[in-house]
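Participant: Got a structure for you, questions after.
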Amino acid sequence: MAPSTGSVHPVRSLTVFAVLVAVLYALVFFTGDKSTTPKLGIDLQGGTRVTLTARTPDGSNPTPDSLRQAQEIIESRVNGLGVSGSEVVIDGDNLVITVPGDDSAQARSLGQTARLYIRPVQTSQVAAGPGAQAPAGEAPPGTEAPADAGAPDGTDAPAPQNRPFPAQDPSAPPAPAPTPTTEPAPAGTDGADTSEAADEIAAARATRQSTDPAVQQQAMATLDCSVPDPLRGNDDPALPLVACSTEGDAVYLLDPAIIDGQEIDDASAGYNPQQSRYEVSLTFKSSGSSTWATFTSQNIGRQAAFTLDSKVVSAPVIQGATPAGSATSITGSFTPEGANELANTLKYGSLPLSFASSEAETVSATLGLASLQAGLIAGLVGLILVLLYCLLYYRMLGVLTALSLVLSGVMVYAIMVLLGRYINFTLDLAGIAGLIIGIGMTADSFVVFFERIKDEMREGRSFRSAVPRGWARARRTILSGNAVSFIAAAVLYALAIGQVRGFAFTLGLTTVLDVVVVFLVTWPLVHLASRSAFWSKPRVNGLGAVQQIAKERKAAATAAAKESRV
């Protein structure tokens, strides 16, 4: 039996849909960066491609297993950052990272070796290399920072706070370290390059990791922080280390490492309102946590350096003992993006190899603006033809189809903008294909519903009574079809890589929205139309031929019944 009229609330359903759309567009216009266009993928807007070449301490070629492991870790970092549409592929002894947009720094940071060590600080001084720029009032090179100083510039440490491990940064903004567009091609290209890279690493270790105090002082005086570090990620944690700060404005003499970054259990970025800056919070595994608790209790007032890939990220003063199991913070001149990138790099582990970026280039959009416009025009023409066919075949129901598809498109657009804003989802050509197929499946759901209505009317029911009965029969079919499509999209997303995942994601998204639109828009609109005297007219709703068939069937059945009685 058809559901009672009291159980149908079309206005309520339409109101729920209107509220959903209003909330989505309120988020679009009043939150985030206020961008009102979806982020485009590499094939639509171009991107940055960085080639990373492996460097091994002995100059040998990297093993295939180590390259595959590095590829998996970098892909995890990409997913952790929410960068959609990126690719990480192995090319010989190289890894090639492609990231949408023109920010090469992000692609370079993904290849960071992320070998983190915690080393006690012996002494520090202003960098003496040509790239260093000391703030005004800086202590001259060679002077040691006071024991209670929080930074190499000798500024006084602020009063202790309610956190056991605050870091003090230079009061003046640090001079940014130069970012070369190209670095010398490291190991892995040919025999000469392999030998040269091995010699560079060995020479750096002989001076910067010497146990001779005279050699250490000479290394501190001559270390140039403005040039690429040949020791990057290849320092021996069991030996002392002369290292630059990440800003390139200070040089540190560090003791052997007390904790390896492998002891990190988790890392997250956040804003510290007390210090008014962003920081990265670390939690150690049991052994690392115990070591750190013991060290901090015995070295209050001393600096401890966090070194990442042979550079000092932060060198805070220990102002109190950190209990075992408590979190520890890395602070510095972090931007929100920089803090998130560092936390993500540490969270997903260190790479089994150190890498140098041997090439960075901008990838032009393969489609280009003209091709994109041509594709959108072609899609629009196809959609108009479908709508014209629906209008000719279904009349009033075709109008409702057009309205439902437009509302579905409005909802999809807002979601694409928000996904690009909050999780960096990028819409590429494969994703557009998924959207088009998903919208086509939405039209299929309308057809299923309308044909069920026509079936009911062929059995002699009026348009008004056929609508609820047709919906009762159609909704199970619609749900089953969409469930199969969603499962297929989910499996494809889990198993695929690259742009195919973008196709699967948008296909699954539009499948879910199909159910939302059909249940909250199409069914309520058709129900309201069935209650309208105007829309119930056969010449308006286009169902006159179906009603004529029902009359003929009824007349034939009546005639057959009379003949049987005779």
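Participant: Please give the contour-minus-distance gain from Ala557 to Ala206: 0.36 nm per residue of separation, less the Cα-Cα distance, rounded to one decimal in nm.
Facilitator: Full extension from Ala557 to Ala206 adds 116.0 nm.
Participant: In addition: Please report the spacing between the Cα centers of region 302-327 and region 203-273 in Å, no decimals.
Facilitator: 13 Å
Participant: Could I ask something else about it? How many angstrom separate the Cα center of region 380-424 from the Cα center of region 507-547?
Facilitator: 14 Å
Participant: So, counting K/R as plus one and D/E as minus one, what does the shell of residues with Cβ under 14 Å around Lys537 add up to?
Facilitator: +4
Participant: For a test of the definition: using alpha carbon positions, the gyration tensor, and the 1.5 limit on a/c, classify region 428-566 as rounded, prolate or oblate.
Facilitator: Since a/c reaches 1.5 and a/b is larger than b/c, the shape of region 428-566 is classed as prolate.
Participant: When ranked by the protection proxy of mean other Cβ atoms within 10 Å per residue, highest first, what sequence do the peptides 337-346, 90-99 form?
Facilitator: The packing order, highest mean first, is 337-346, 90-99.
Participant: Something else about it: Determine the shape class of region 271-318: with a ≥ b ≥ c the square roots of the Cα gyration tensor eigenvalues, call it rounded for a/c under 1.5, and otherwise prolate if a/b is greater than b/c, oblate otherwise.
Facilitator: rounded
Participant: Could you sort the peptides 43-51, 243-251 by per-residue average Cβ neighbour count (10 Å cutoff), highest mean leading?
Facilitator: Ranked by mean Cβ neighbours within 10 Å, highest first: 243-251, 43-51.
Participant: Report relative contact order for region 265-304 in percent, whole number only (criteria: Cα-Cα under 8 Å, sequence separation at least 6).
Facilitator: Result for region 265-304 is 31 percent.
Participant: Still on this structure, I have one more. Can you put Phe446, Phe30, Phe295 in order of Cβ neighbours within 10 angstrom, beginning with the fewest?
Facilitator: Ordered from fewest to most neighbouring Cβ atoms within 10 Å, Phe446, Phe30, Phe295 come out as Phe30, Phe295, Phe446.
Participant: Still on this structure, please answer the following. Listed here are the pairs Lys34/Lys347; Lys454/Lys551; Lys454/Lys562; which of them are more than 25 Å apart at the Cα?
Facilitator: Lys34/Lys347; Lys454/Lys562
Every number here is computed from the coordinates shown, using simple stated rules; none is lab data. Keep in mind that what you see is a predicted model, and the values were worked out from it rather than measured. Note that we place each Cβ from the backbone using ideal geometry, even for glycine, and neighbour counts take in every protein chain shown.
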